[in-house]
Structure formats: C-alpha cells, structure tokens
Amino acid sequence: SMQKQLQQDGPQHIRVLIVGASFAGRRAYSLLRGTPGLQVFLVDGLDYSEYTPSVLRALVQPDQISRILRPQSCHVIAGWATGLEMNTAQGGGRLLLHDGRCFPFEHLVITTGSGYCQPIKPKQEVQSMANRQEQLQAAARQVQGSDSFVVVGGGAVGVELAAELVETFGPSKTVTVITSDARLLPRMAMQASKYAAQWLQKRGVLLIFSERVQRWPAGAQQEFTTGEVVTSTGRELSGLVLDCTGLGAKIPVHLYAQLLKGNPGAEEAAEKAARQGIPVEPTLQVTGFPCVWAAGDCAGLPFERCAYGADLQAATVADNILRFVLRGQPARPYPGAAVSLCGVLNDQPVQAVISLGSKDGVMQISRTVVATGWLAAQAKALIERLQLSIAQDNRIVERVWLPLEAAGTLVAALLLKLTTHW
C-alpha cells in the first residue's frame, strides 16, 4: 500500500509529502507523481473533495450540494496532520497524523488552504461528506428563511454571493453589499467593476462603498449570523450577515507553528502567519526551511488568493522540486517560474471568471476584460465541470485541461507584460 511504501526506512527514492488535497495540493501531486526518483504522497483529513467556488450557488440552490461534493480520490492518504518533526542534520523529517501514524519525508509541501467564514469553507470538525452536506443544507435553510442579507466584502466572493441571492429571490428579499473599497472587484479591471455594479444595481441590490463594518454581531466573522452591523459612518443594517472578506477566519498554520517550535518569537510568528500566510521565499520554499514548500491560499504571497493562482504556485513548486532535488539546479522565483517563455514576471498572471447568477458573468485575462454575459457564464460552468472531473482523478480530462491552462497562462503573462510596458 501507499502508506507502507511511505513508512519504509532507507528510501531508494526521494519522498515528497503533500499535505492538503486542495487545488494546489492536487495539482502538485499530479505534476510530480510518476517521476523517476520520486515517491509522491498526498495527505488530507477529509473523505471528500469539494469545488469551493460553487458553494455560493449551493447556498441558494441546495439541490446543487451533491453535485459539488465528491468522494476523495483513492490516491489520498486519509488523516489530519497534527505534528511535524524535522531532522536538522540531514534534512527532511516526519509527519505525524491524528491517529498516531508517522510518515517520513525528504520534502514537504504545505497546501492546507485558507480559513473562511462558515459555511463557505468547512471547519476542521466537518470531516465527512455527510457532515458537509448537512452543514450546507442547514446554511441553505438559514438563507431561505431570511428576508434581508448584508453581504460584507466587494471582492469576487461577495459579488458572486450577492448575484446568486438576487437572481434566486428577486425583489422579495433585500440584498446590501458593503465594501471598504471605492468599487467592486478592486483587483480586477475597472470595466469588470462597472459591469458587476450595474448588473447588481439593476436588480435592486444596494451597494455601499468606502465604508467598513466597525461593529459585528457576535460570531458573524466565523459563521453566517443574523443581527445588526454598524459601519464606519454609523450606518446600521440588519439581516443575515454574510462575511465574504475572509478577514475574520485564520489561515491554518499549525504545521508552520510546529516548524518554529522552540525558536524565539515562534508564537508571534505563527500568529502573524495565521493572518497573512506562511512566509515563503520567492521560490515558494518556506523561509528558513529549504525542504519545506508552501503553495495556494496558505502561502504568504502579495497576490490574489484564487484557485488559478493556487494552480500556478503548485506548478512552480513541482518544477522547483524537480530542478532543485533531481537536477541540482537552482529553484526559480514565482511567478516567472510558472511561465517559462515569459522570463521575469513581477505580478501573478490572472485568468478570472466572476459569475453573476447562472446566465451572466465577466471574464478577465490579466488586466483585460475579454468576455461578459452568457459567454463568461458558460466559461465558468465549463471550468467547474473540468475541475470536478480532475478531482475524481480523470486523467483524460486532466490531459486536456493542463495544456489549455498553460496556453491561457501564456496569453495572460504576455498581456501582463504588454500592459505593464504601456
């Protein structure tokens, strides 16, 4: 079995252990597995995989819940990583699971994702697919039973959730979006921001810009809660408060805390990482630990946290492990390492599709909006179908997806370089 193979001492191969079967974890695993000279293993505590971007629609259409949850791939070792012991002399270390199992490695890749307000992301206690279905169904009942909604956050999550609410319930329920920025989708092109704002306002959504929530209902930054918020201007708004900022939930950094154990200032460093992400070098090696890597939402990078970025970071980690470990070549910095043909890049290429309900949306490549309306909505639906198939280890779909994403990334990187020079 995989576990026996991993637990053997004196490996003939270099063992790479990936913790977290998220977008980044699955991508790193798929790129590294089968490589001569490597044994690659993927560990996760959940018995299911989930297409998180579609959770927002499932909250207003609970019949979608079973479609976005799938049993975990047979390649995943089931277990929660609870401890980490590093070999300071020869490098590598051992990963400890909740049930006492212990797995040695030469390289560790941390892809444990980010925290978020529940039920957008599940808490650690929700380990089984049945429990996650229950959690989402309860949240859908909570949404159905509410007459007004206060969506906090004008980024991609807040915009998509507000669109789902207004498309499903129409004018029968009040939807308000509060953002501290002067526009929606502040990290996207102005055209995308205007398109999303006009779409929501046309359907009766109240948009409040440049105001922060200063007072929250108790627990509202951890899970959806009914109550009243007070903004920085003293405005009072009541309803089901839906925190879509991600600011109230901490990034899971327990493994990073284990790395720091015994070091001066370890507790403060771990607390900072829980807010900002695990500190990494430009090569995505965890700072101070050259045989430990981090990718995806848990990595402390100055870029948008999104599934596409997680894929690019995982590709960089995989490429750097091959270069660094097998070929003895220096690891290359992100994001340039993700797009070899474009040389040095100072910004992460972007391919973003924001859905506005089920039949509309806006699609952007780097700083250029390339599609709106029905076409963008279809692109989002296609990405979801492909990603769900890949999560189920469909190698044929994966072979189709990888070159498509690589081509799109190359276009995004070239556009990024062109628009930067302009």
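The values are calculated or read from the model by the stated rules, or taken from the named source; none is laboratory data. This structure is a prediction, so every number in the text was calculated from the model and none was measured. Don't worry about glycine lacking a Cβ; one is built from the backbone with ideal geometry, like all the others, and counts go over all protein chains shown. The protein model used for the area step is the full one, side chains on, heavy atoms only, and it has no ligands, DNA or RNA in it. Shrake-Rupley method; radii C 1.70, N 1.55, O 1.52, S 1.80 Å.
In the list Arg70, Arg94, which residue meets the criterion of being open to solvent by 40 Å² or more (accessible area, probe 1.4 Å) and out of contact with any Pro (no Cβ under 7 Å at 6 or more places or on another chain)?
Result: Arg70 is the single residue among Arg70, Arg94 that is open to solvent by 40 Å² or more (accessible area, probe 1.4 Å) and out of contact with any Pro (no Cβ under 7 Å at 6 or more places or on another chain).
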Given the structure, is Leu56 surrounded by 15 or more Cβ atoms within 10 Å (Cβ to Cβ), under 30 Å from Phe169 (Cβ atoms), touching a residue at least 60 places away in the same chain (Cβ under 8 Å) and in contact with a helix residue (DSSP H, G or I) (Cβ under 6 Å, 6 or more places away or on another chain)? yes
From the residues in the stretch 33-52 that are closer than 25 Å to Glu384 by Cβ and open to solvent by less than 10 Å² (accessible area, probe 1.4 Å), which one is modelled with the highest pLDDT? Leu42
Any idea which residue in the stretch 356-373 is most open to solvent (accessible area, probe 1.4 Å), counting only those that are part of a strand (DSSP E or B), of a type outside the set (Ser, Thr, Tyr) and touching a residue at least 60 places away in the same chain (Cβ under 8 Å)? Val369
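Rundown of residues vs (1) surrounded by fewer than 15 Cβ atoms within 10 Å (Cβ to Cβ); (2) within 17 Å of the chain's Cα centre (by Cα); (3) of a type outside the set (D, E, K, R), yes/no style:
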position	(1), (2), (3)
His254	no, no, yes
Gln258	no, no, yes
Ala269	no, no, yes
Ala274	no, yes, yes
Gly288	yes, no, yes
Counting just the residues of the stretch 231-252 that are among the small types (Gly, Ala, Ser) and assigned to a strand (DSSP E or B), which one comes out surrounded by the most Cβ atoms within 10 Å (Cβ to Cβ)? Gly239
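Restricting attention to the stretch 210-224, which residues are in a strand (DSSP E or B) and closer than 13 Å to Leu237 by Cβ?
Passing the criteria: Val213, Gln214, Arg215.
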Could you give me the residue pairs with C-beta distances under 7 Å whose first residue belongs to the stretch 102-129 and is more than 27 Å from Thr226 (Cβ to Cβ) and modelled with pLDDT under 95, whose second residue is among the acidic types (Asp, Glu) and crowded, with 22+ Cβ neighbours inside 10 Å wherever it lies, and which are 6+ apart or on separate chains? Gly113/Asp297
Exception for Gly300 within (1) crowded, with 21+ Cβ neighbours inside 10 Å; (2) closer than 23 Å to Thr52 by Cα; (3) in contact with a Gly (Cβ under 7 Å, 6 or more places away or on another chain); (4) not aromatic (Phe, Trp, Tyr) falls at (1)
For Glu228, are the conditions met, namely being without any contact (Cβ under 8 Å) to a residue 40 or more places away in the chain, part of a loop (DSSP other than H, G, I, E, B) and surrounded by 13 or more Cβ atoms within 10 Å (Cβ to Cβ)? no
Could you list, in sequence order, all residues of the stretch 178-209 that are farther than 23 Å from Arg367 by Cα and assigned to a loop (DSSP other than H, G, I, E, B)? Arg203, Gly204, Val205
Please enumerate the residues belonging to the stretch 204-221 that are touching a helix residue (DSSP H, G or I) at 6+ places or on another chain (Cβ under 7 Å) and surrounded by 17 or more Cβ atoms within 10 Å (Cβ to Cβ). Val205, Leu207
So, in the stretch 97-130, of the ones that are closer than 16 Å to Val19 by Cα and within 15 Å of the chain's Cα centre (by Cα), which residue ends up surrounded by the fewest Cβ atoms within 10 Å (Cβ to Cβ)? Ser114
